[in-house]
1. If the requirement is being modelled with pLDDT of 95 or more, in a loop (DSSP other than H, G, I, E, B), hydroxyl-bearing (Ser, Thr, Tyr) and within 17 Å of VAL113 (Cα to Cα), which of these qualifies: SER62, SER21?
2. In region 106-117, how many residues are open to solvent by less than 60 Å² (accessible area, probe 1.4 Å) and of a type in the set (S, T, N, Q)?
3. Those residues that are of a type in the set (S, T, N, Q) and either free of Cβ contacts under 8 Å to residues at least 12 places away in the same chain or closer than 20 Å to TYR106 by Cα (or both), I need them from region 51-78; list them, please.
4. Just checking, which of GLU88, GLU103, GLU6, GLU46 is open to solvent by less than 40 Å² (accessible area, probe 1.4 Å) and among the acidic types (Asp, Glu)?
5. Which condition breaks for THR77 when tested against (1) touching a Phe, Trp or Tyr at 6+ places or on another chain (Cβ under 9 Å); (2) open to solvent by 30 Å² or more (accessible area, probe 1.4 Å); (3) modelled with pLDDT of 95 or more; (4) within 20 Å of GLU100 (Cβ to Cβ)?
6. Can you find, within region 70-117, the residue that is nearest to ASN58 (Cα to Cα) among those that are acidic (Asp, Glu) and assigned to a strand (DSSP E or B)?
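The values are calculated or read from the model by the stated rules, or taken from the named source; none is laboratory data. All values derive from a computational prediction rather than experimental measurement. Quick reminder, even Gly has a Cβ in these numbers, built from the backbone with ideal geometry, and neighbours come from all protein chains shown. Only protein heavy atoms, including side chains, enter the accessible area calculation; ligands, DNA and RNA are left aside. Shrake-Rupley method; radii C 1.70, N 1.55, O 1.52, S 1.80 Å.
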Amino acid sequence: QVQLVESGGDSVQAGGSLTLSCAASRSRLSFVAMGWYRQAPGKQRELVATITNGFITNYADSVKGRFTITRDNAKNTVNLQMNRLKPEDTAVYYCNFLAEWGEGDYWGQGTQVTVSS
C-alpha cells in the first residue's frame, strides 16, 4: 500500500514563502503524474499544480508566477514552492500521485497552510 507523507504546512504572513513536500513511502511504483490540490473551508477541493513524469507542469491561474512544482522521479517526491503568499491561499493542501499502468490514485493526509494579512 502506497502512503504519501506531506510536510511543510505552516502559518505565515502575506508575502511570505513556504515549501510543501510529499514523498511516497514503501513504493516501487512509478507515477505518471504528481500534483497538489487545496481545499479551503466551505469550498471544493481545487487543483493547484501538477507535473508529469516528463516534467510538464500545469498551474491554476491563481498561482501562476508565484508557485513552482518540482519532482524527483528517483525518490518519488514532489515539492511545491509557494512565494508571495496571499490570505486567499489559506487552505489544506493535499498531494496526489497517479501511478502508471492503472496501479492507483493516491492522496496525502493534507497539510494546513494559513496566510494572515
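1. Details: SER21 fails: in a loop (DSSP other than H, G, I, E, B).
Of SER62, SER21, the one residue that is modelled with pLDDT of 95 or more, in a loop (DSSP other than H, G, I, E, B), hydroxyl-bearing (Ser, Thr, Tyr) and within 17 Å of VAL113 (Cα to Cα) is SER62.
2. Kept after step one, since they are open to solvent by less than 60 Å² (accessible area, probe 1.4 Å), are these residues of region 106-117: 106, 108, 110-111, 113-116.
Adding the requirement that they be of a type in the set (S, T, N, Q) leaves 111, 114, 116.
So the count comes out to 3.
3. In the first step, residues of region 51-78 are kept if they are of a type in the set (S, T, N, Q); the result is 52-53, 57-58, 62, 68, 70, 73, 76-77.
Passing the criteria: THR52, ASN53, THR57, ASN58, THR70, ASN73, ASN76, THR77.
4. Values: GLU88 fails: open to solvent by less than 40 Å² (accessible area, probe 1.4 Å); GLU103 fails: open to solvent by less than 40 Å² (accessible area, probe 1.4 Å); GLU46 fails: open to solvent by less than 40 Å² (accessible area, probe 1.4 Å).
The unique qualifying residue is GLU6.
5. Condition not satisfied by THR77: (1).
6. Here is the first cut: in region 70-117, the residues acidic (Asp, Glu) are 72, 88-89, 100, 103, 105.
Those left that are additionally assigned to a strand (DSSP E or B): 72, 105.
On the way: ASP72: 17, ASP105: 18 Å.
Checked region 70-117; the qualifying residue nearest to ASN58 (Cα to Cα) is ASP72.
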